[in-house]
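Below is one structure, written out as structure tokens, with a few remarks after it.
The values are calculated or read from the model by the stated rules, or taken from the named source; none is laboratory data. Note that the structure is predicted; figures quoted are calculated from it, not measured. Note that we place each Cβ from the backbone using ideal geometry, even for glycine, and neighbour counts take in every protein chain shown. Protein only, heavy atoms only, side chains kept; ligands, DNA and RNA dropped before computing areas. Shrake-Rupley method; radii C 1.70, N 1.55, O 1.52, S 1.80 Å.
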Amino acid sequence: MKAFFKKILGFFTKKTIFFEPSILETNTLKDQVINDTETGVTEPLSVSYNKLPLTVLKKLAPIRDLRNDELQKIKQTTFSYGPESLIFILGDKSDQIYYLLKGTVEFRLSGEKSYCIDETSTLANLPISSGKVHGATVVTKSSCTILTVPISVSYWWVNESRKKTQNPITAKSDFSFPKDVPNTPFFNRFSDACLGNKLSLPTLPQVAIQLRRAMSNNIGVKEAVKIIQLDAIIVTRLIQLANSALYASLEPVNNCHEAVSRLGLDATCQLVMSISMKQLFKSNSPEFTLEMQALWKKSVHISSLSFVVAQECGAVNPEDALLAGLICDIGAIPLINFAEKNADSCPDLIELKNIMPYLNPSVGSFLLEKLNFSTELIEIPKHAENWYYESGEDSLTLIDVVILAKFHSYLGTDKAKDLPFINVIPAYSKLKNSKLNPDFSLDIVTQSRQRINAAMRMLG
């Protein structure tokens with residue numbers, strides 16, 4: 001039975017092999033150190049290419065998720081610096097992930113914002129920079145040891161994840177439980193139902209299905225309106241949306257045709273999908289109904305944040321981001337539905353809620369694949385909380401937007417204490433002219449509360 005989840009729930013297994021550098025690669029690294037000094041970065045006191053003990057590497061996120069043999073094959077470079085050494089500069093490009101092993105460093109951001117991290121902090125187990133562009137200037141405040149590993153570690157895993165998403169479920173031997181998931185009768189039955197294609201999966205409303213199918217045939221506004229008008233609730237929501245602060249409307253629209261014309265066909269299709277998603281978050285059990293409502297409310301918040309971040313940054317369509325934010329936790333729906341129908345073996349609600357984050361990413365991608373969502377959207381649940389996700393793209397991607405939105409959804413909650421500083425994650429480093437508040441959240445989110453609230457009201 002434990003072989004089941006390797007594909008559906010294999011999101012913790014990041015299979016990466018990076019061979020240790022050859023003599024040529026080592027010389028290239030030395031040349032890079034010399035070149036860096038010409039740009040103002042301090043030359044290290046010493047450079048080492050020796051392998052660090054696994055006990056050290058196993059503490060460092062996200063590489064700690066690799067197998068021991070994979071960790072030993074990663075190219076490692078360890079630098080020693082004296083006090084007041086400039087390690088890297090805000091806005092400079094990078095091809096390495098940086099970790100603080102010993103000492104104290106200061107992060108200097110734009111303006112007068114700064115903070116320090118030392119080796120005793122739990123944050124020292126997280127990268128001090130992990131994107132293609134540095135999110136801060138870092139200066140040593142004492143003698144320090146810095147480890148770097150290739151940023152290509154992140155690229156490789158993303159590519160492998162995409163391959164796995166496209167592969168069909170074939171055999172039970174292809175799966176295994178995540179090690180933190182208990183081997184109980186409930187989860188054994190859940191895995192059997194998934195493997196046997198007997199899991200009861202929610203379906204989208206017919207209007208959403210018909211509109212998506214029709215859009216593939218290049219329909220016009222008139223044809224789209226005919227489909228949308230079959231659902232009065234969706235019509236009402238679209239008109240409200242077209243008149244909302246989200247689109248800064250000057251002249252009010254009064255009917256579905258005007259709303260679709262103002263929003264555009266592609267945006268309308270994504271918005272209809274988003275409005276329709278609420279139908280999936282339903283249960284016949286009073287207890288699980290409350291859980292579904294809480295899940296929907298959380299998803300709406302993330303969706304609204306995604307919309308505003310995308311609208312402000314301009315690299316991603318806001319309507320795409322709205323839908324992507326809604327589906328990032330969709331994997332909890334099949335689990336809740338299965339628990340409702342198998343009450344005899346179901347764990348209590350608290351235990352079920354605690355286990356959802358482990359199962360949601362891959363089960364969510366599995367559900368989206370069954371609902372015929374695009375490959376890009378199928379990836380969303382798997383990476384939404386992977387703070388160190390790196391697509392390899394220079395500009396912000398849809399997944400980057402959702403990561404930033406989900407990050408902000410945890411601020412002010414108990415989960416905030418486990419978050420890295422936002423300026424060290426790759427998604428943040430792709431923002432152009434990004435600004436942070438004193439509490440290290442994005443200015444654009446704080447300044448857009450009206451639009452966020454409007455999106456939340458629209459989705460209900």
| field | When residues of the range 136-170 are limited to those that are at pLDDT 90 or above, among the small types (Gly, Ala, Ser) and open to solvent by less than 50 Å² (accessible area, probe 1.4 Å), the one nearest to Leu442 (Cα to Cα) | value | Ala136
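When you scan the range 340-426 for helices (runs of 4 or more DSSP H) that lie fully inside it, which ones turn up with 3 or more residues that are of a type in the set (A, V, I, L, M), touching a residue at least 60 places away in the same chain (Cβ under 8 Å) and crowded, with 18+ Cβ neighbours inside 10 Å? Can you show your working first?
Details: elements: 349-370, 375-378, 380-383, 398-410.
Hits in the range 340-426: 349-370, 398-410.
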| note | Per the filter on the range 239-283, residues among the small types (Gly, Ala, Ser) and touching a Leu at 6+ places or on another chain (Cβ under 8 Å) are Ala242, Ala259, Ser274, Ser276
| task | Kindly check whether there is at least one residue in the range 181-196 that is closer than 30 Å to Tyr389 by Cα and modelled with pLDDT under 65. | result | yes
| Has the range 67-89 got at least one residue that is basic (Lys, Arg) and within 22 Å of Ser441 (Cβ to Cβ)? | no
| query | For residues in the range 199-213 being surrounded by fewer than 16 Cβ atoms within 10 Å (Cβ to Cβ) and within 27 Å of the chain's Cα centre (by Cα), which is farthest from Cys269 (Cα to Cα)? | reply | Ser200
| Selection within the range 76-131 - exposed (fewer than 14 other Cβ atoms within 10 Å of the Cβ) and in a helix (DSSP H, G or I) | Thr122
| What pairs come up if the first residue lies in the range 434-460 and is more than 28 Å from Leu238 (Cβ to Cβ), the second is of a type in the set (Asp, Glu) and at pLDDT 80 or above, and their beta carbons are under 6 Å apart, counting only those six or more places apart or on different chains? | Lys435/Asp443; Asn437/Asp443
| field | Boolean, Val260 is touching a His at 6+ places or on another chain (Cβ under 9 Å) and surrounded by 15 or more Cβ atoms within 10 Å (Cβ to Cβ) | value | no
| task | Could you please let me know if Leu290 is hydrophobic (A, V, I, L, M, F, W, C), in contact with a Gly (Cβ under 8 Å, 6 or more places away or on another chain) and open to solvent by 30 Å² or more (accessible area, probe 1.4 Å)? | result | no
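Residues that are over 20 Å from Phe373 (Cα atoms) and of a type outside the set (S, T, N, Q), at least 2 per element: which helices (runs of 4 or more DSSP H) completely within the range 201-270 meet that?
By residue number, 221-228, 232-242, 256-263.
Can you say whether Leu442 is modelled with pLDDT of 85 or more and open to solvent by less than 40 Å² (accessible area, probe 1.4 Å), as far as the supplied structure shows?
Values: modelled with pLDDT of 85 or more: yes; open to solvent by less than 40 Å² (accessible area, probe 1.4 Å): yes.
Against the criterion (modelled with pLDDT of 85 or more and open to solvent by less than 40 Å² (accessible area, probe 1.4 Å)), Leu442 qualifies.
One line per residue, one yes/no per condition, for (1) within 18 Å of Glu319 (Cβ to Cβ); (2) open to solvent by 40 Å² or more (accessible area, probe 1.4 Å):
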position	(1), (2)
Met215	yes, no
Lys226	no, yes
Gln240	yes, yes
Ser244	yes, no
Asn254	no, yes
Leu265	yes, yes
Thr268	yes, no
Leu280	no, no
| field | Scan of the range 310-325 for residues that are farther than 17 Å from Leu238 by Cβ, open to solvent by 20 Å² or more (accessible area, probe 1.4 Å) and not in a loop (DSSP other than H, G, I, E, B), ordered by number | value | Gln311, Glu312, Cys313
